[in-house]
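**Q** Before I ask anything, here is the structure I am working with.
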Amino acid sequence: MFFLYNLLTLLAGFLLKIVALFSHKIRLFTDGRKTVFNTLRQNINPQDKTIWFHSASLGEYEQGLPVMEKIKQQYPNHKIVLTFFSPSGYEIRKNTKAANVVVYLPLDTAANAKKFMALVHPDMAFFIKYEFWPNYLKELKKADTPTYLISGLMRKDQVFFKWYGGFYRKALQTFTRFFVQDNSSKELLQGAGFHNVMISGDTRFDRVSEILERDNSLPFIQEFKNNKITMVAGSSWPKDESMFTDFINSSNNTKFIIAPHNIKTEQIQELKNSITKKTVLFSEKEGKNLAEYDVFIIDTIGILSKVYSYADLAYVGGGFGTSGLHNILEPAAFGIPIVIGPNHNKFPEAIAMTHMGGCIAVKDKTEMEETLSSLVYDDDYRHEKGHIAGTFVSMNRGAVKRIMSNISN
């Protein structure tokens, strides 16, 4: 089975090089991997002690970061090696101070896994939420390296739990312990014969709680808000925006901040053109009296969590498409109600918060407008829902402490 898997992986690598000729994102994916081994040789000596963290993309990085920071404190003489699979994670966090070395993870071939392990020789390895690469896990097991899954989330439709998934189930035998988010994940793993499972919860609750302790001030947002009720639409896609722009255009005495997921110039311009209210972009804010504007479009990255601190309510994007719901915990941490689209069934935090009432899922434009209207114009309703959201985050903290108490080297 390993022979077939390696053959398919090599074929995928070849095809990606062809696709890269036509896709900027895939080109980043392929080109970024060309220098990985040289980077590792230059930054890691044979005598160095290392600990390896792997995340698929940016969201998984945020989940692993609280544990990474604690590990760095507990093992100050180790170098932290951080790998990403996706360009959307690597390109944004390649300069993070949380790790000593940040690289793409080479494709999961037998040769790459052996070379990577020889250069990194980790004393511990942490995989975050998803991503189970059989060749890397095989090499970790051969090296008898303690290996942990952080904030694991298992679903019954995953290959591990199918009758034909024996090859992948065998790869899971590498893990010293699975730290999973919920009881369903624990039961699935136990049903597959794994009993080294602990429900630790989701480390993102700890991460977003830390946001409250930092300086979140943005004077230009304060000027724009001008003490008015403000809705923030975070990580929105065009499908999301088509659901709420009519509400924006018909609203009175309310401010709106939109931080699109994609900040390409043409998409930002299309969004701006769909809004009849007085609108300003982040990139053109200098010299403007921001208090005079009704809508602020954030055509930059890296400030959304701070922007949420000024919100009275939030819409979080992704729920009207297939790309996946974006992070609802960041706005919830500030104690504000969240509105999302209908496609959120793979996100346990969204299901739980919706059940509690701090998050409201809407299925179409009519429900969107009715919900936003209630939240904007009914202070008691808005405060009640926001209190539930903030409480939900607070009551689910503690995953990092549970994980740190149950790892050993």
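**Q** Before rounding to the nearest 500, sum -39500 (n - 2.57) across all DSSP H runs of length at least 4 in the chain and divide by the residue total; then give [θ] at 222 nm in deg cm²/dmol.
**A** When only DSSP H runs of four or more count, the value is -13000 deg cm²/dmol.
**Q** Let me ask you something else. How much length is gained on full extension from residue 23 to residue 35, taking 0.36 nm per residue of separation minus their Cα-Cα distance?
**A** Details: separation 12, 0.36 × 12 = 4.32 nm, distance 1.97 nm.
Gain on stretching residue 23 to residue 35: 2.4 nm.
**Q** Additional query: Residue by residue, what Karplus-based ³J(HN,Hα) values in Hz, rounded to whole numbers, does the stretch 121-130 have, using 6.51, -1.76 and 1.60 with θ = phi - 60° and x for Gly and Pro?
**A** 5, x, 7, 8, 9, 10, 9, 10, 6, 10
**Q** Å³ per residue of the Cα convex hull, for the chain?
**A** On the way: hull volume 61.5 nm³, N = 409.
Hull volume over Cα atoms, normalised by residue count, gives 150 Å³.
**Q** Mind listing the Cα extents of the stretch 1-201 along all three principal axes, in Å, largest one first?
**A** Each principal axis gives a Cα extent; for the stretch 1-201 these are 42, 41, 29 Å.
**Q** Considering only Cα-Cα distances, which of the following residue pairs are longer than 25 Å: 255/288; 129/272; 34/138; 49/138? Write out the running numbers ahead of the final one.
**A** Working: 255/288 16 Å; 129/272 36 Å; 34/138 23 Å; 49/138 21 Å.
The pairs that break the limit, which is 25 Å between Cα atoms, are 129/272.
**Q** How much length, in nm to one decimal, is gained on full extension between residue 323 and residue 123, taken as 0.36 nm per residue of separation minus their Cα-Cα distance?
**A** Contour length minus the Cα-Cα distance gives 68.5 nm.
**Q** Quick one: with all protein chains in place, what share of the accessible area of the chain is carbon or sulfur, to the nearest percent (1.4 Å probe)? Intermediate values should be presented prior to the final figure.
**A** Working: 9620 of 18660 Å².
That share works out to 52 percent.
**Q** Moving on to the next point. Just to be sure I understand: with springs between alpha-carbon atoms less than 10 Å apart, which residue in 389, 350, 171 has the highest mean-square fluctuation in the Gaussian network model of the chain?
**A** 171
**Q** Further question: Relative to the longest principal axis of the chain, what angle (0 to 90°, nearest 10) does the C-alpha long axis of helix 238-250 take?
**A** The two axes meet at around 20 degrees.
**Q** Moving on. Straight-line reach only, C-alpha to C-alpha below 19 angstrom: list the aspartates and glutamates that residue 385 could link to, leaving out same-chain residues fewer than 8 apart.
**A** 312, 330, 349, 367, 369, 370
**Q** Spelling out what I want: for every residue of the stretch 261-269, take phi, set θ = phi - 60°, compute 6.51 cos²θ - 1.76 cosθ + 1.60 (Karplus), and round to whole Hz; glycine and proline get x.
**A** Listing the rounded values in order: 5, 9, 10, 4, 3, 5, 6, 4, 5 Hz.
**Q** With θ taken as phi - 60° and the coefficients 6.51, -1.76 and 1.60, list the Karplus ³J(HN,Hα) couplings across the stretch 145-159 in order, rounded to whole Hz; mark glycine and proline as x.
**A** 8, x, 10, 10, 9, 9, 6, x, 9, 9, 10, 5, 8, 6, 4
**Q** In percent, what relative contact order does the stretch 208-317 have, based on Cα pairs under 8 Å that are 6 or more apart in sequence? If you can, show how the numbers build up before the last one.
**A** Numbers: 165 pairs, mean separation 43.7, N = 110.
Value for the stretch 208-317: 40 percent.
**Q** Using 10 Å bins from zero, what percent of all Cα-Cα pairs in the stretch 210-395 falls into each bin?
**A** Reading upward from the zero bin: 10, 41, 39, 10, 0.
**Q** For every other residue with a beta carbon closer than 15 angstrom to the beta carbon of residue 13, add +1 if it is Lys or Arg and -1 if Asp or Glu, then tell me the sum. Intermediate results must be reported in sequence, preceding the final value.
**A** Values: positive: 17, 27, 33, 34, 115; negative: 31, 108.
My count for the surroundings of residue 13 gives +3.
**Q** Which residues does the label zone of residue 377 cover in the stretch 230-249, counting backbone N under 19 Å from a point 7 Å along Cα→Cβ?
**A** 230-232, 244-249
**Q** Related question: Would you mind pulling out the separation of the Cα centroids of the stretch 1-73 and the stretch 200-248, in Å?
**A** That distance is 31 Å.
The values are calculated or read from the model by the stated rules, or taken from the named source; none is laboratory data. This is a predicted model, so every value here is computed, not measured. Backbone-built Cβ (ideal geometry, glycine too); neighbour counts: all protein chains shown. What goes into the accessible areas is simple: the full protein's heavy atoms, side chains included, and nothing from ligands, DNA or RNA. Shrake-Rupley method; radii C 1.70, N 1.55, O 1.52, S 1.80 Å.
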